[in-house]
């Protein structure tokens, strides 16, 4: 979704097959129960004006890591900061 940057905000993955919409502050499961998932959720986000303070794109790996550990290891270890290479 281009309006959310078109790539994972954590690792920069840009292949849409690997991207997922992440609820920045949680609550995704509850929202999906109310509005549905897939295209229904996407339409709901569009109807809200695509609020970037509520939603972001993450690849499935970063999204799962955030779910499991409250942050992605990319963020914890800052491995994409080239100044540390």
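Where a number appears in this text, it was derived from the coordinates with a stated rule and is not lab data. Remember, it's a predicted structure, so these values are computed and weren't measured experimentally. Note that each Cβ is placed from the backbone with ideal geometry, even for glycine, and that neighbours are counted across all protein chains shown.
I want to check the label-to-label distance for residue 53 and residue 35. Put each point 7 Å from Cα in the C-beta direction and report it in nm to one decimal.
1.7
Based on a Kirkwood Rh over C-alpha pairs, give the Stokes-Einstein translational diffusion coefficient of the chain at 20 °C and viscosity 1.002 mPa s in µm²/s. Don't jump to the answer; show the numbers that get you there.
Working: Rh = 13.5 Å.
Diffusion coefficient, whole number: 159 µm²/s.
Whole angstrom only: what separates the Cα centroid of segment 56-75 from the Cα centroid of segment 1-54?
13
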